Amino acid sequence: MSLSKGIVARNLALPRLRSLKLASLQPAISLLLIALLILVHKILPNVQPSGNTTNFVDLVYVLAGLYAAWWIASSFVGSLKARLEYATPIIIAVLVFLNAWELLTLKSNIFPAPYFPSISKIIGVLFSDWQLLGLSALYSLRLLILGFTCGAAVGIPTGIAMGWSQRFSYWMTPILRTVGPIPATAWIPIVLVAFPSSFWASVFLVALGTWFAMTIMSWSGVANVDNAYFEVGKTLGAGNWYLLSRIALPAALPIIFIGSFKALSVSFVALVVAEMLGVRAGLGWYIQWAYGWAQYQNVYAALIVMGLLFSGVISFVFYIRDRVLVWQKGLIKW
C-alpha cells in the first residue's frame, strides 16, 4: 500500500519538477534569444536597406543588461522573482517575434520593403524623429482630453437625468436612438464646414462619440439602482437631491466607469480619423504624412507611440477608478 502511494506521489511530483525546471530556464532562454537577435542583425547579410542601426543595437544591449540585472536581483527579492516568472514567457514570445520579423524583412525581404520595414529601422525612427513624434503625441493628447472632457461633461448629466426622470427620458430617447448610433466620423463633412477651425471640429467629433457612450451607461447605471435603496432613504426622510447624489450616483458609478472605457475606445477612433482628414497636427496627421511619402517605418513608429499613449490613458482611468471605487479595486484589470 505504501509503495503504491509512493508511486502516485512521484507521478504527481514529476510535472511540478518539470515546470519548475522550465521556469528556471526561461530567463536563460530570453537572454539567448536576445543574443540571437544581435547575431542575426550583425552577421547575416541585409537584403533590404538597413540605414543607421546603431540605436537599435545599443537599445538591445541596454535591455539585455537590465533583464540580466533583474534576473540576478530576483534571486534575493521574492517579489522580483514572482514578477520575473510572470513576465518572462511574454518576453520570450516578443523576442521570438522580433527575430522572425528581422529574418522576414531585413534579411530576406519575404515581407517586402517599403511596406514591411525591419524593427531596426522602426527603432531608428523613434530615436531620430522623437521630437516630431513627441510633439504629435502631445497634440493628440490635448485633443483627446478636450473632446473626452466635453463629451463626458454633457453625457454623464444627460444619462443621469434620463435614468432619474421618465419625462426627460421620454423626450431624449428618440434623439439618442437617432443621433447616437451614427459614427462620429460620419459627421466630418458637416462639422468641417460648421466649425470655424478643423481643430474645434475634431474636438466636437471626439466629444460626440464620448457623449453617446457616457449617456447610455450613465442612464443604465441610474435606472438599474435597486428601488429598495430609495425606499430606505425616503423612510429616513431623504429628499430627491439626497437620493440622487448620495444613493443613485454612487450606485451607478461602476457602470459609468465602464462607459468611460467604451467612450475612450470610440474617442480614439474619432481622434485618429479627424487628425488624418482635418487637423494638421497629431499622430493621425503624422501617419498620413508618412504614408504620403511612403515612409512606412515612420508609420510603424507612430503606431507604437499611439499604442503606448492610448494604453497609458486607459491605465490612468483605471487608476482613478480604483481610487474612487475602492471596494471594487482589482475586480476589473488592465
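Every condition in (1) among the aliphatic types (A, V, I, L, M); (2) out of contact with any helix residue (DSSP H, G or I) (no Cβ under 8 Å at 6 or more places or on another chain); (3) at pLDDT 90 or above is met by ALA82 except one, and the failing one is (3). When ALA113 is tested against (1) within 30 Å of ASN52 (Cα to Cα); (2) aliphatic (A, V, I, L, M); (3) in a helix (DSSP H, G or I), just one condition goes unmet, and that condition is (3). Does at least one position in the stretch 171-183 carry a residue that is aromatic (Phe, Trp, Tyr) and closer than 21 Å to LEU146 by Cβ? Within the stretch 171-183, none of the residues are aromatic (Phe, Trp, Tyr) and closer than 21 Å to LEU146 by Cβ. When only residues in the stretch 222-248 that are among the aliphatic types (A, V, I, L, M) and farther than 14 Å from ILE160 by Cβ count, which is surrounded by the most Cβ atoms within 10 Å (Cβ to Cβ)? If we take residues in the stretch 222-248 being among the aliphatic types (A, V, I, L, M) and farther than 14 Å from ILE160 by Cβ, then ALA238 is surrounded by the most Cβ atoms within 10 Å (Cβ to Cβ).
Residues being buried (at least 19 other Cβ atoms within 10 Å of the Cβ), in contact (Cβ under 8 Å) with a residue 60 or more places away in the chain, hydrophobic (A, V, I, L, M, F, W, C) and not assigned by TED's automatic domain parsing to the domain that holds ILE216 are represented in the stretch 99-121 by at least one member.
When the residues of the stretch 35-78 are narrowed to those that are among the β-branched types (Val, Ile, Thr) and assigned to a helix (DSSP H, G or I), which ends up farthest from ILE92 (Cα to Cα)?
THR54
Where helices (runs of 4 or more DSSP H) fall wholly inside the stretch 230-334, the ranges with 2 or more residues that are among the β-branched types (Val, Ile, Thr) are 249-277, 296-324. Contact map, the stretch 278-298: first residue more than 20 Å from PHE268 (Cα to Cα), second residue buried (at least 19 other Cβ atoms within 10 Å of the Cβ) and not hydroxyl-bearing (Ser, Thr, Tyr), Cβ cut-off under 6 Å, separation 6 or more or different chains; pairs are TYR296/PRO117; GLN297/PRO117; GLN297/LYS121; GLN297/ILE122; GLN297/VAL125. Of the residues making up the stretch 179-194, those that are within 21 Å of SER267 (Cβ to Cβ) and assigned to a helix (DSSP H, G or I) number 11. Contact list please: Cβ distance under 8 Å, first residue in the stretch 185-212 and under 13 Å from CYS150 (Cβ atoms), second residue among the acidic types (Asp, Glu) and part of a helix (DSSP H, G or I), pairs at least six apart or on different chains. Between residues of the stretch 185-212 that are under 13 Å from CYS150 (Cβ atoms) and residues that are among the acidic types (Asp, Glu) and part of a helix (DSSP H, G or I), the close pairs are SER202/GLU275. Out of curiosity, is SER218 buried (at least 21 other Cβ atoms within 10 Å of the Cβ) and not assigned by TED's automatic domain parsing to the domain that holds PRO114? For SER218, the condition - buried (at least 21 other Cβ atoms within 10 Å of the Cβ) and not assigned by TED's automatic domain parsing to the domain that holds PRO114 - is met. How many residues does the stretch 143-167 hold that are part of a helix (DSSP H, G or I) and loosely packed, with under 15 Cβ neighbours inside 10 Å? Of the residues in that region, 6 qualify.
The values are calculated or read from the model by the stated rules, or taken from the named source; none is laboratory data. Because the structure is a prediction, the values reported are computed rather than measured. So basically every Cβ, Gly included, is an ideal-geometry build from the backbone, and we count neighbours across all protein chains shown.
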